[in-house]
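Below is one structure, written out as C-alpha coordinates, with a few remarks after it.
The values are calculated or read from the model by the stated rules, or taken from the named source; none is laboratory data. From a predicted model like this one, the values you see are computed outputs, not experimental measurements. Don't worry about glycine lacking a Cβ; one is built from the backbone with ideal geometry, like all the others, and counts go over all protein chains shown. Keep in mind that these areas ignore ligands, DNA and RNA; they rest on the heavy atoms of the full protein, side chains included. Shrake-Rupley method; radii C 1.70, N 1.55, O 1.52, S 1.80 Å.
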Amino acid sequence: MDRVRRFLYDVLTEPQRGGESFIGSIKIAVLPIAKVFTLCFLGFLMASKYVNILPANGRKLLNGLVFSLLLPCLIFSQLGQAITYEKLLQWWFIPVNIVLATIFGSIIGLIVATIVRPPYPYFKFTIIQIGIGNIGNVPLVLIAALCRESNPFGDYEICSRDGNAYISFGQWVGAIILYTYVFQMLAPPHEGTFDIEDANLPIKSSNKERLPSHPSGSSAEQVPLLTTNVAPSDSGGSKKEKVKEFFKFLYEKLKLKQLIQPPIIASVLAIIIGCVPVLRRQIFTSDAPLYFFTDSCLILGDAMIPCILLALGGNLVDGPGPGSSKVGVKTTVAIVFGRLCLVPPTGLGIVMLADKLGFLPAGDQMFRFVLLLQYTMPTSILAGAVANLRGCGKEAAAILFWVHIFAVFSMAGWIILYLNILF
(Lines give C-alpha, C1' and ligand atoms only; values in the text may rest on other atoms or scores of the structure.)
Protein backbone atom coordinates (compact mmCIF):
# COMPACT_ATOMS: atom_id res chain seq x y z
CA MET A 1 0.00 0.00 0.00
CA ASP A 2 2.86 2.35 0.84
CA ARG A 3 4.44 1.59 -2.55
CA VAL A 4 1.22 2.51 -4.34
CA ARG A 5 0.99 5.75 -2.41
CA ARG A 6 4.64 6.57 -3.12
CA PHE A 7 4.18 5.77 -6.81
CA LEU A 8 1.11 8.01 -7.09
CA TYR A 9 2.90 10.78 -5.21
CA ASP A 10 5.88 10.57 -7.59
CA VAL A 11 3.63 10.62 -10.66
CA LEU A 12 1.67 13.62 -9.44
CA THR A 13 4.61 15.68 -8.22
CA GLU A 14 7.48 14.68 -10.53
CA PRO A 15 8.24 17.33 -13.16
CA GLN A 16 7.20 16.38 -16.69
CA ARG A 17 8.78 17.41 -19.99
CA GLY A 18 7.90 21.09 -19.54
CA GLY A 19 9.24 21.23 -16.00
CA GLU A 20 5.77 21.15 -14.44
CA SER A 21 4.33 18.30 -12.40
CA PHE A 22 0.91 16.86 -13.19
CA ILE A 23 -0.58 18.78 -10.27
CA GLY A 24 1.19 21.91 -11.51
CA SER A 25 -0.36 21.44 -14.97
CA ILE A 26 -3.80 21.08 -13.39
CA LYS A 27 -3.22 24.28 -11.42
CA ILE A 28 -2.17 26.22 -14.54
CA ALA A 29 -5.22 24.99 -16.44
CA VAL A 30 -7.84 25.29 -13.71
CA LEU A 31 -6.95 28.68 -12.23
CA PRO A 32 -7.86 30.67 -15.39
CA ILE A 33 -11.21 28.84 -15.53
CA ALA A 34 -11.74 29.59 -11.85
CA LYS A 35 -11.15 33.30 -12.52
CA VAL A 36 -13.61 33.27 -15.40
CA PHE A 37 -16.17 31.48 -13.24
CA THR A 38 -15.67 33.97 -10.38
CA LEU A 39 -16.23 37.02 -12.61
CA CYS A 40 -19.25 35.40 -14.25
CA PHE A 41 -20.69 34.61 -10.82
CA LEU A 42 -20.27 38.24 -9.77
CA GLY A 43 -22.12 39.30 -12.93
CA PHE A 44 -24.83 36.75 -12.14
CA LEU A 45 -25.08 38.16 -8.59
CA MET A 46 -25.25 41.76 -9.82
CA ALA A 47 -28.07 40.84 -12.23
CA SER A 48 -30.09 38.81 -9.72
CA LYS A 49 -33.29 40.17 -8.25
CA TYR A 50 -31.63 40.44 -4.84
CA VAL A 51 -29.06 43.02 -6.03
CA ASN A 52 -30.39 44.15 -9.43
CA ILE A 53 -27.50 46.49 -10.21
CA LEU A 54 -27.10 44.98 -13.67
CA PRO A 55 -30.63 44.66 -15.15
CA ALA A 56 -31.36 43.61 -18.73
CA ASN A 57 -31.05 47.15 -20.10
CA GLY A 58 -27.76 47.63 -18.30
CA ARG A 59 -26.38 44.37 -19.70
CA LYS A 60 -27.46 45.40 -23.19
CA LEU A 61 -25.60 48.70 -22.85
CA LEU A 62 -22.55 46.91 -21.42
CA ASN A 63 -22.52 44.45 -24.33
CA GLY A 64 -22.76 47.35 -26.76
CA LEU A 65 -19.86 49.14 -25.06
CA VAL A 66 -17.71 46.01 -25.21
CA PHE A 67 -18.49 45.27 -28.85
CA SER A 68 -18.26 48.85 -30.15
CA LEU A 69 -15.32 50.23 -28.14
CA LEU A 70 -13.46 47.99 -25.70
CA LEU A 71 -12.97 44.92 -27.94
CA PRO A 72 -11.87 46.97 -31.00
CA CYS A 73 -9.37 48.86 -28.81
CA LEU A 74 -7.93 45.59 -27.50
CA ILE A 75 -7.65 44.11 -31.00
CA PHE A 76 -6.13 47.25 -32.53
CA SER A 77 -3.48 47.74 -29.86
CA GLN A 78 -2.44 44.10 -29.30
CA LEU A 79 -2.58 42.93 -32.92
CA GLY A 80 -0.97 46.10 -34.27
CA GLN A 81 1.99 45.87 -31.90
CA ALA A 82 2.60 42.18 -32.63
CA ILE A 83 2.12 41.90 -36.39
CA THR A 84 4.65 42.66 -39.12
CA TYR A 85 4.75 41.74 -42.79
CA GLU A 86 7.01 38.79 -42.05
CA LYS A 87 4.69 37.54 -39.30
CA LEU A 88 1.70 38.01 -41.58
CA LEU A 89 3.24 35.42 -43.91
CA GLN A 90 3.99 33.10 -40.98
CA TRP A 91 0.47 33.31 -39.51
CA TRP A 92 -1.35 32.21 -42.67
CA PHE A 93 -2.56 29.00 -41.01
CA ILE A 94 -4.69 30.88 -38.42
CA PRO A 95 -7.49 31.85 -40.87
CA VAL A 96 -7.14 28.49 -42.60
CA ASN A 97 -7.57 26.76 -39.23
CA ILE A 98 -10.78 28.71 -38.56
CA VAL A 99 -12.18 27.55 -41.90
CA LEU A 100 -11.13 23.96 -41.16
CA ALA A 101 -12.71 24.19 -37.70
CA THR A 102 -15.97 25.30 -39.32
CA ILE A 103 -15.88 22.54 -41.94
CA PHE A 104 -15.04 19.66 -39.60
CA GLY A 105 -17.27 21.01 -36.85
CA SER A 106 -20.17 21.15 -39.30
CA ILE A 107 -19.44 17.60 -40.46
CA ILE A 108 -19.56 16.41 -36.84
CA GLY A 109 -22.74 18.42 -36.38
CA LEU A 110 -24.26 16.76 -39.46
CA ILE A 111 -23.39 13.30 -38.12
CA VAL A 112 -24.81 14.11 -34.67
CA ALA A 113 -27.98 15.63 -36.16
CA THR A 114 -28.46 12.59 -38.40
CA ILE A 115 -28.20 10.25 -35.40
CA VAL A 116 -30.23 12.30 -32.92
CA ARG A 117 -32.88 13.55 -35.40
CA PRO A 118 -33.71 16.91 -33.77
CA PRO A 119 -37.30 18.16 -33.93
CA TYR A 120 -38.35 20.00 -37.05
CA PRO A 121 -37.09 22.59 -38.07
CA TYR A 122 -33.87 22.40 -36.01
CA PHE A 123 -31.70 20.09 -38.14
CA LYS A 124 -29.48 22.83 -39.63
CA PHE A 125 -29.70 24.69 -36.33
CA THR A 126 -28.07 21.69 -34.61
CA ILE A 127 -25.28 21.60 -37.19
CA ILE A 128 -24.48 25.28 -36.64
CA GLN A 129 -24.56 25.07 -32.84
CA ILE A 130 -21.97 22.28 -32.96
CA GLY A 131 -19.89 23.58 -35.86
CA ILE A 132 -19.38 27.25 -34.95
CA GLY A 133 -17.22 27.94 -31.90
CA ASN A 134 -16.32 31.14 -30.11
CA ILE A 135 -13.01 32.28 -31.64
CA GLY A 136 -12.94 35.77 -30.09
CA ASN A 137 -14.29 36.74 -26.70
CA VAL A 138 -13.81 33.57 -24.64
CA PRO A 139 -10.27 32.77 -25.96
CA LEU A 140 -9.20 36.36 -25.21
CA VAL A 141 -10.51 35.97 -21.67
CA LEU A 142 -8.72 32.65 -21.19
CA ILE A 143 -5.41 33.97 -22.53
CA ALA A 144 -5.60 37.01 -20.25
CA ALA A 145 -6.29 34.82 -17.21
CA LEU A 146 -3.68 32.21 -18.17
CA CYS A 147 -0.87 34.71 -18.75
CA ARG A 148 -1.34 36.32 -15.34
CA GLU A 149 -0.28 33.14 -13.59
CA SER A 150 3.11 31.43 -13.62
CA ASN A 151 2.68 29.93 -17.05
CA PRO A 152 4.86 27.89 -19.41
CA PHE A 153 4.54 30.48 -22.19
CA GLY A 154 6.96 32.94 -20.58
CA ASP A 155 6.75 36.59 -19.60
CA TYR A 156 3.27 38.05 -18.99
CA GLU A 157 3.65 40.88 -21.51
CA ILE A 158 4.87 38.62 -24.32
CA CYS A 159 2.35 35.88 -23.48
CA SER A 160 -0.57 38.32 -23.45
CA ARG A 161 0.52 40.26 -26.54
CA ASP A 162 1.19 37.23 -28.74
CA GLY A 163 -1.88 35.32 -27.56
CA ASN A 164 -4.21 38.25 -28.14
CA ALA A 165 -2.62 38.95 -31.53
CA TYR A 166 -3.08 35.37 -32.73
CA ILE A 167 -6.72 35.37 -31.64
CA SER A 168 -7.44 38.80 -33.12
CA PHE A 169 -5.83 37.91 -36.45
CA GLY A 170 -8.63 35.48 -37.29
CA GLN A 171 -11.56 37.73 -36.35
CA TRP A 172 -12.30 38.83 -39.91
CA VAL A 173 -12.56 35.23 -41.12
CA GLY A 174 -15.01 34.41 -38.36
CA ALA A 175 -17.17 37.41 -39.28
CA ILE A 176 -17.33 36.36 -42.93
CA ILE A 177 -18.32 32.81 -41.94
CA LEU A 178 -20.99 34.09 -39.55
CA TYR A 179 -22.74 36.43 -41.94
CA THR A 180 -22.55 34.18 -45.01
CA TYR A 181 -22.56 30.48 -44.11
CA VAL A 182 -24.28 30.71 -40.70
CA PHE A 183 -26.78 33.30 -41.94
CA GLN A 184 -27.85 31.03 -44.81
CA MET A 185 -27.92 27.85 -42.71
CA LEU A 186 -30.23 29.44 -40.13
CA ALA A 187 -32.78 30.55 -42.71
CA PRO A 188 -36.37 29.91 -41.52
CA PRO A 189 -38.18 26.85 -42.91
CA HIS A 190 -40.64 27.14 -45.79
CA GLU A 191 -43.40 27.96 -43.30
CA GLY A 192 -41.60 31.29 -42.78
CA THR A 193 -41.01 30.92 -39.03
CA PHE A 194 -39.46 28.57 -36.46
CA ASP A 195 -42.65 28.81 -34.36
CA ILE A 196 -44.34 26.03 -36.29
CA GLU A 197 -46.79 25.31 -33.45
CA ASP A 198 -48.19 28.83 -33.63
CA ALA A 199 -51.84 28.77 -34.60
CA ASN A 200 -51.44 32.04 -36.46
CA LEU A 201 -49.06 30.62 -39.03
CA PRO A 202 -49.67 31.90 -42.54
CA ILE A 203 -51.55 29.20 -44.43
CA LYS A 204 -50.87 28.66 -48.09
CA SER A 205 -53.68 30.43 -49.79
CA SER A 206 -55.34 29.52 -53.01
CA ASN A 207 -54.51 31.21 -56.25
CA LYS A 208 -57.65 33.34 -56.03
CA GLU A 209 -56.56 34.72 -52.68
CA ARG A 210 -52.95 35.27 -53.64
CA LEU A 211 -53.38 36.90 -56.99
CA PRO A 212 -55.47 39.85 -58.13
CA SER A 213 -58.55 39.23 -60.15
CA HIS A 214 -57.78 38.30 -63.72
CA PRO A 215 -59.82 38.01 -66.87
CA SER A 216 -61.88 34.90 -67.30
CA GLY A 217 -60.25 32.26 -69.36
CA SER A 218 -56.74 33.13 -68.22
CA SER A 219 -55.00 30.93 -65.72
CA ALA A 220 -53.39 32.19 -62.51
CA GLU A 221 -49.95 31.39 -63.87
CA GLN A 222 -50.55 33.79 -66.77
CA VAL A 223 -51.14 36.80 -64.53
CA PRO A 224 -47.93 38.85 -64.26
CA LEU A 225 -46.50 39.16 -60.76
CA LEU A 226 -45.40 42.71 -61.37
CA THR A 227 -46.96 45.19 -63.72
CA THR A 228 -44.43 46.99 -65.82
CA ASN A 229 -44.89 50.33 -67.44
CA VAL A 230 -43.00 50.87 -70.65
CA ALA A 231 -41.08 54.10 -70.42
CA PRO A 232 -38.84 55.76 -72.91
CA SER A 233 -35.34 54.41 -72.51
CA ASP A 234 -32.51 56.65 -71.44
CA SER A 235 -29.26 54.86 -72.19
CA GLY A 236 -27.07 57.05 -69.95
CA GLY A 237 -29.48 57.02 -67.05
CA SER A 238 -30.19 53.31 -67.38
CA LYS A 239 -26.49 52.46 -67.19
CA LYS A 240 -26.09 54.48 -64.01
CA GLU A 241 -29.17 52.86 -62.53
CA LYS A 242 -27.88 49.41 -63.43
CA VAL A 243 -24.55 50.14 -61.76
CA LYS A 244 -26.34 51.42 -58.65
CA GLU A 245 -28.61 48.39 -58.58
CA PHE A 246 -25.63 46.07 -58.99
CA PHE A 247 -23.73 47.59 -56.04
CA LYS A 248 -26.90 47.63 -53.95
CA PHE A 249 -27.46 43.95 -54.73
CA LEU A 250 -23.82 43.18 -53.90
CA TYR A 251 -24.07 45.13 -50.62
CA GLU A 252 -27.20 43.27 -49.53
CA LYS A 253 -26.18 39.83 -50.82
CA LEU A 254 -22.75 39.81 -49.17
CA LYS A 255 -24.17 41.24 -45.92
CA LEU A 256 -21.52 43.97 -46.01
CA LYS A 257 -23.33 45.97 -43.35
CA GLN A 258 -22.97 43.07 -40.92
CA LEU A 259 -19.38 42.38 -41.99
CA ILE A 260 -18.25 45.97 -41.43
CA GLN A 261 -18.28 45.78 -37.65
CA PRO A 262 -15.98 47.63 -35.19
CA PRO A 263 -13.84 44.56 -34.28
CA ILE A 264 -13.35 43.73 -37.97
CA ILE A 265 -12.42 47.33 -38.80
CA ALA A 266 -9.94 47.31 -35.91
CA SER A 267 -8.39 44.04 -37.16
CA VAL A 268 -7.98 45.33 -40.72
CA LEU A 269 -6.52 48.66 -39.60
CA ALA A 270 -4.08 46.94 -37.22
CA ILE A 271 -2.91 44.57 -39.97
CA ILE A 272 -2.45 47.37 -42.52
CA ILE A 273 -0.66 49.78 -40.16
CA GLY A 274 1.42 47.03 -38.54
CA CYS A 275 2.65 45.69 -41.88
CA VAL A 276 3.67 49.11 -43.28
CA PRO A 277 6.94 50.10 -41.53
CA VAL A 278 6.44 53.86 -41.97
CA LEU A 279 2.97 53.78 -40.40
CA ARG A 280 4.05 51.32 -37.73
CA ARG A 281 6.83 53.65 -36.54
CA GLN A 282 4.31 56.47 -36.19
CA ILE A 283 1.78 54.59 -34.04
CA PHE A 284 2.85 51.27 -32.52
CA THR A 285 6.46 51.68 -31.36
CA SER A 286 7.02 52.98 -27.83
CA ASP A 287 8.79 56.14 -29.05
CA ALA A 288 6.25 56.88 -31.81
CA PRO A 289 4.68 60.37 -31.87
CA LEU A 290 1.18 58.83 -31.88
CA TYR A 291 1.90 56.08 -29.37
CA PHE A 292 -0.34 57.87 -26.86
CA PHE A 293 -3.28 56.69 -28.98
CA THR A 294 -2.10 53.06 -28.83
CA ASP A 295 -1.54 53.36 -25.08
CA SER A 296 -5.07 54.72 -24.65
CA CYS A 297 -6.41 51.76 -26.59
CA LEU A 298 -4.44 49.41 -24.34
CA ILE A 299 -6.02 50.96 -21.25
CA LEU A 300 -9.52 50.63 -22.70
CA GLY A 301 -8.77 47.11 -23.94
CA ASP A 302 -7.86 45.98 -20.42
CA ALA A 303 -11.43 46.79 -19.36
CA MET A 304 -12.90 44.44 -21.97
CA ILE A 305 -12.27 41.22 -20.04
CA PRO A 306 -14.11 42.06 -16.78
CA CYS A 307 -16.93 43.84 -18.60
CA ILE A 308 -17.69 40.96 -20.95
CA LEU A 309 -17.55 38.39 -18.14
CA LEU A 310 -19.89 40.44 -15.97
CA ALA A 311 -22.31 40.74 -18.90
CA LEU A 312 -22.02 37.01 -19.67
CA GLY A 313 -22.70 36.07 -16.06
CA GLY A 314 -25.63 38.47 -15.93
CA ASN A 315 -27.13 36.92 -19.07
CA LEU A 316 -27.27 33.55 -17.28
CA VAL A 317 -29.60 34.90 -14.59
CA ASP A 318 -32.71 34.20 -16.68
CA GLY A 319 -31.77 30.54 -17.18
CA PRO A 320 -32.18 28.68 -20.48
CA GLY A 321 -35.57 30.30 -21.13
CA PRO A 322 -38.49 28.94 -23.18
CA GLY A 323 -36.30 27.91 -26.12
CA SER A 324 -35.04 24.85 -24.25
CA SER A 325 -38.39 23.05 -24.50
CA LYS A 326 -38.59 23.65 -28.26
CA VAL A 327 -35.19 22.12 -28.99
CA GLY A 328 -35.70 19.22 -26.57
CA VAL A 329 -33.48 17.61 -23.96
CA LYS A 330 -32.04 14.97 -26.30
CA THR A 331 -30.97 17.52 -28.91
CA THR A 332 -29.57 19.87 -26.26
CA VAL A 333 -27.45 17.10 -24.72
CA ALA A 334 -26.26 16.05 -28.19
CA ILE A 335 -25.21 19.61 -29.06
CA VAL A 336 -23.35 20.08 -25.78
CA PHE A 337 -21.59 16.71 -26.15
CA GLY A 338 -20.76 17.25 -29.81
CA ARG A 339 -19.39 20.77 -29.35
CA LEU A 340 -17.37 20.15 -26.18
CA CYS A 341 -16.31 16.50 -26.52
CA LEU A 342 -16.22 15.55 -30.23
CA VAL A 343 -14.88 18.69 -31.93
CA PRO A 344 -11.71 19.19 -29.78
CA PRO A 345 -10.12 15.78 -30.61
CA THR A 346 -10.63 16.53 -34.30
CA GLY A 347 -8.88 19.86 -33.86
CA LEU A 348 -6.02 18.21 -31.97
CA GLY A 349 -5.47 15.85 -34.90
CA ILE A 350 -5.57 18.69 -37.46
CA VAL A 351 -3.11 20.88 -35.54
CA MET A 352 -0.70 18.01 -34.89
CA LEU A 353 -0.80 17.06 -38.59
CA ALA A 354 -0.18 20.68 -39.62
CA ASP A 355 2.79 20.76 -37.22
CA LYS A 356 4.22 17.57 -38.72
CA LEU A 357 3.87 19.04 -42.23
CA GLY A 358 5.76 22.18 -41.21
CA PHE A 359 2.84 24.61 -41.61
CA LEU A 360 3.29 26.17 -38.16
CA PRO A 361 6.05 28.52 -36.90
CA ALA A 362 8.82 26.46 -35.31
CA GLY A 363 9.00 26.55 -31.53
CA ASP A 364 5.98 28.85 -31.02
CA GLN A 365 3.86 26.93 -28.52
CA MET A 366 1.43 29.82 -27.97
CA PHE A 367 0.61 29.70 -31.69
CA ARG A 368 -0.28 26.01 -31.41
CA PHE A 369 -2.21 26.57 -28.18
CA VAL A 370 -4.41 29.25 -29.79
CA LEU A 371 -5.09 26.95 -32.77
CA LEU A 372 -6.22 24.23 -30.37
CA LEU A 373 -8.41 26.66 -28.43
CA GLN A 374 -10.34 27.44 -31.61
CA TYR A 375 -11.73 23.88 -31.52
CA THR A 376 -12.28 23.81 -27.75
CA MET A 377 -14.48 26.85 -27.20
CA PRO A 378 -18.26 26.74 -26.59
CA THR A 379 -20.72 27.79 -29.28
CA SER A 380 -20.19 31.29 -30.66
CA ILE A 381 -22.18 34.07 -28.97
CA LEU A 382 -22.31 35.92 -32.29
CA ALA A 383 -23.89 32.83 -33.86
CA GLY A 384 -26.63 33.33 -31.28
CA ALA A 385 -26.99 36.93 -32.48
CA VAL A 386 -27.37 35.72 -36.08
CA ALA A 387 -29.93 33.16 -34.89
CA ASN A 388 -31.84 36.00 -33.29
CA LEU A 389 -31.90 37.80 -36.64
CA ARG A 390 -33.29 34.66 -38.30
CA GLY A 391 -36.04 34.07 -35.75
CA CYS A 392 -34.59 31.31 -33.54
CA GLY A 393 -32.93 33.49 -30.90
CA LYS A 394 -34.70 31.89 -27.92
CA GLU A 395 -33.56 28.43 -28.95
CA ALA A 396 -29.99 29.65 -29.48
CA ALA A 397 -30.03 31.36 -26.05
CA ALA A 398 -31.01 28.06 -24.41
CA ILE A 399 -28.15 26.23 -26.14
CA LEU A 400 -25.65 28.97 -25.26
CA PHE A 401 -26.72 28.74 -21.60
CA TRP A 402 -26.07 25.00 -21.29
CA VAL A 403 -22.94 24.96 -23.47
CA HIS A 404 -21.27 27.69 -21.44
CA ILE A 405 -22.19 26.02 -18.15
CA PHE A 406 -20.54 22.73 -19.13
CA ALA A 407 -17.68 24.44 -20.99
CA VAL A 408 -16.26 25.54 -17.64
CA PHE A 409 -15.41 21.89 -16.91
CA SER A 410 -14.56 20.69 -20.42
CA MET A 411 -12.16 23.55 -21.16
CA ALA A 412 -10.19 22.81 -17.99
CA GLY A 413 -9.76 19.18 -19.04
CA TRP A 414 -8.73 19.98 -22.60
CA ILE A 415 -6.29 22.70 -21.49
CA ILE A 416 -4.59 20.22 -19.15
CA LEU A 417 -4.19 17.82 -22.08
CA TYR A 418 -2.90 20.55 -24.42
CA LEU A 419 -0.30 21.78 -21.94
CA ASN A 420 0.99 18.25 -21.39
CA ILE A 421 1.25 17.69 -25.16
CA LEU A 422 2.88 21.04 -25.92
CA PHE A 423 5.30 20.99 -22.99
Next item on the list: Could you grab the relative contact order for segment 285-382? Cα pairs under 8 Å, six or more apart, rounded to a whole percent.
Entry: 25
Item checked: Kirkwood Rh, angstrom, segment 96-197 [1 / mean 1/r, Cα pairs] -> 15.7
Next item on the list: Might you work out the accessible area of K60 for me, using a 1.4 Å probe with all protein chains in place, and round it to the nearest 10 Å²?
Entry: 150
Next item on the list: Average the reciprocal distances over every distinct pair of alpha-carbons in segment 289-408, invert the result, and give the Kirkwood radius in Å.
Entry: 17.0
Next item on the list: Calculate what fraction, in whole %, of the accessible area of segment 49-142 sits on carbon and sulfur atoms when a 1.4 Å probe is rolled over the protein chains.
Entry: 70
Next item on the list: Take the alpha carbon atoms of segment 266-282, find their center, do the same for segment 130-178, and report the distance between the two centers in whole angstrom.
Entry: 20
Notebook entry, point to check: Of all the accessible heavy-atom surface of segment 293-388, with the other protein chains kept in place and a 1.4 Å probe, what percent is carbon and sulfur?
Noted result: 69
Next item on the list: Treat each spin label as a single point 7 Å out from the Cα along the C-beta direction, and report the S296 to W92 distance in nm.
Entry: 3.8
Notebook entry, point to check: If the limit is 21 Å between Cα atoms, which of K124/K326; K35/K60; K60/K326; K60/K330 go over it?
Noted result: K35/K60; K60/K326; K60/K330
Note to self: I'd like the distance between the alpha-carbon centres of segment 319-377 and segment 63-129, rounded to an integer number of Å.
What the structure shows: 10
